[in-house]
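Working notes for the structure below.
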Amino acid sequence: MRDFFSLERWLPGLAALLHYQRAWLMPDVRAGLSVAAVALPVAIAYAELTGVGAIVGLYSCILPMMVYALFGTSRQLIVGPDAATCAVIAAVVTPLAAGDATRHWQLVMTMTAMTGFWCLIASRFKLGVFADFLSRPILMGLLNGVAITIMVGQLSKILGFTFDERYLIERVLSGSNYLAQTHLPTLAMSLFTLLVLLLSRRYRPGWPSSMVAMVLTAALVWIFGLDRFEIATLGAIGSGLPAFQVPEFPPGLLRELVLPALNLAMVSFVSMMLTARSFAAKNGYEIDADNEFRALGMANLASAVSQGFAISGADSRTAVNDANGGKSQLVSIIAAVIIGFIAFYLTAPLQFIPTAALGVVLVMASFSLLDLKGLWGLKDSDRAAFWLALVTFVSVLAMGVIPGITLAVLLGLFQFLRNVMRPTDQLLGMDGDGVVRTLGDNEQAKAIPGILVYRFNSPLTYFNAPYFKRRVLALLVQDPHSPKCLVVDAVACFTHQDISVMSMVGELHRELRRRGIHMVMAGRHGQLSHWFRQAGIRVGDEGIILCPDMYQALRMTRCYREPLFKDEAPEPQAMAPGESEQEASGAIA
């Protein structure tokens, strides 16, 4: 039993496969074939985007898909090359490689390994909560910016020229000069590829349209010898197992990869979790964020070992898996075996694939990341979220992918800190039935004369304690009834012991005593009693009054207030027998 528990903890995918049901086999085989058909052309296209050979894209699928099948907790998620991930790698590695193809490949593998190590470290410290760190508006702005960056970058392959500029803005400003360099045969091949993709999706939506386009364009080049018109193709591609490489570049370059790899790990994980959670919810099961972090790390290390590049959750291939009825992680293994067979034995036909066709496939794939309508729609529903998404979007376009991602991570951090440092707060009152409610949300609730009831909607810590004190003193001054008692909802804000918070509470208590105001804490009676005594703060009649819940606190302080209603309100409702402090606090509307 202990061995099984350990297996389920460290290899949840393998543990699930040990309980495999025979009825799942045919749906999994069908889904595996479909995933392989979609993943193969996309992997080749993303290898071009990353700046490495087409075979590297296949290496980046085989072993990582098998490893995730063993370590992952999602039954539907398919990992593999991802547009945003590849764009990040290319943006970091290209200037460092300085045109050296071998160094470029080695830097890609090194950055992939670093990304994997960052993911394993995050899993070790249970940082799966970072799945919620980049808010949806930030991720929306980031992915829209990455999508446009990719589409503009692929215009060189589609039109048959080479960009001299590195950044998007410069490329757009020089667009008229590049359009004059358009290579007409390459443009014709691009238009043919686009036509095939659109017709396939329109009339055969169940077919892998990217695979159909690759096969037809490669057949045209081979049969009619279109390479004589200077239409660029992939050229000769090696096959078999990748040869092991020891990185040969100055160790100082490693420093240039550390922070970009951390950013890549963060963005890859958040993007993967969005996909994994949506399909898990659809199919009625839960996934473990910390295990997913470890699975992503192991898959990236497997990709680096097999000479590949960084991978993430692939939403399009996951959707194909789900649409074809995939039931388990066996789908990833089947798809990996098919891609591996092609990489080892059938690479010869790949040499005829036009790079223009790959560019069109990448542009079409980038449309799945593009959601400008959704970004603009935030303006009416949530203006703060709209500006957050817009700043991220413009930053990616203006500064590049890596600075844009860095800014997105910082914006997520600043957003969190702002919410914690300056949280919302409420004053509480009572209605005619003796139920405590938030003032302003209910017209029947009225403030209790002589008593200020306060809720601070954030855990108190050293950087928001001074703000808490200022808010309390300001509200006491503004209250027209000159309160004689302050009641604080302690359940909402006293979540952990902090010496700075205890010091602030002591200062606030002394200030309130000087003004003749009693200080009462409602909830967390045992914890606060222990913490206050450790900090040397008096409790009881001569100090801060501690009560087990809000209703008990109001009953204790009723001698300080005037009648609330004409016929006097009923006594505040007491806790039910056996009710916890949290349940009592939750009864407050």
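How many residues, within region 460-496, are part of a helix (DSSP H, G or I), among the β-branched types (Val, Ile, Thr) and surrounded by 15 or more Cβ atoms within 10 Å (Cβ to Cβ)? Can you show your working first?
Filtering region 460-496 for residues part of a helix (DSSP H, G or I) gives 465-478, 490-493.
Remaining after also requiring among the β-branched types (Val, Ile, Thr): 472, 477, 491.
Still in the running and surrounded by 15 or more Cβ atoms within 10 Å (Cβ to Cβ): 472, 491.
Summing the residues that are part of a helix (DSSP H, G or I), among the β-branched types (Val, Ile, Thr) and surrounded by 15 or more Cβ atoms within 10 Å (Cβ to Cβ) in region 460-496 gives 2.
Taking the criterion of being crowded, with 24+ Cβ neighbours inside 10 Å and in a helix (DSSP H, G or I), would at least one residue in region 280-291 satisfy it? No, that holds for no residue. Filtering region 179-196 to residues that are in contact with a Ser or Thr (Cβ under 9 Å, 6 or more places away or on another chain) and surrounded by fewer than 18 Cβ atoms within 10 Å (Cβ to Cβ) leaves only GLN181.
Out of the residues in region 148-178 that are touching a residue at least 12 places away in the same chain (Cβ under 8 Å) and of a type in the set (Val, Ile, Thr), which is surrounded by the fewest Cβ atoms within 10 Å (Cβ to Cβ)? The residue in question is ILE169.
When ILE44 is tested against the conditions (1) under 21 Å from the mean Cα position of the chain (by Cα); (2) more than 17 Å from LEU369 (Cα to Cα), the lone failure is (1).
Which one is farthest from LEU262 (Cα to Cα), of the residues in region 124-161 that are within 15 Å of the chain's Cα centre (by Cα) and among the polar types (S, T, N, Q)? Result: ASN144.
Restricting the search to region 407-430, which residues are in contact (Cβ under 8 Å) with a residue 60 or more places away in the chain and not in a helix (DSSP H, G or I)? Selection gives LEU428, MET430.
Among residues of region 212-234 being more than 40 Å from the chain's Cα centre (by Cα) and among the β-branched types (Val, Ile, Thr), the one that is surrounded by the most Cβ atoms within 10 Å (Cβ to Cβ) is VAL221.
Mind checking which residues of region 255-267 are touching a helix residue (DSSP H, G or I) at 6+ places or on another chain (Cβ under 7 Å) and modelled with pLDDT of 90 or more? Talk me through it step by step, then tell me what you get.
Of the residues in region 255-267, the ones touching a helix residue (DSSP H, G or I) at 6+ places or on another chain (Cβ under 7 Å) are 256-258, 260-267.
Once the filter is applied, which keeps residues that are touching a helix residue (DSSP H, G or I) at 6+ places or on another chain (Cβ under 7 Å) and modelled with pLDDT of 90 or more, region 255-267 yields GLU256, LEU257, VAL258, PRO260, ALA261, LEU262, LEU264, ALA265.
Going through (1) loosely packed, with under 14 Cβ neighbours inside 10 Å; (2) within 17 Å of PRO41 (Cα to Cα) one by one, TYR203 falls short only on (2). Residue count for region 148-162 satisfying the condition of being closer than 20 Å to ALA84 by Cβ and touching a Phe, Trp or Tyr at 6+ places or on another chain (Cβ under 7 Å): 1.
Scanning region 311-360 for residues that are part of a helix (DSSP H, G or I) and out of contact with any strand residue (DSSP E or B) (no Cβ under 8 Å at 6 or more places or on another chain) yields a total of 31. Consider region 368-383 and keep the residues that are surrounded by 13 or more Cβ atoms within 10 Å (Cβ to Cβ) and of a type in the set (A, V, I, L, M). The one that is farthest from VAL146 (Cα to Cα) is LEU378. The number of residues in region 404-424 that are more than 15 Å from TRP387 (Cβ to Cβ) and touching a Leu at 6+ places or on another chain (Cβ under 8 Å) comes to 4.
The values are calculated or read from the model by the stated rules, or taken from the named source; none is laboratory data. What you see is a predicted model; the values in this text were computed from it and never measured. All Cβ positions, glycine included, derive from the backbone under ideal geometry; neighbour counts span all protein chains shown.
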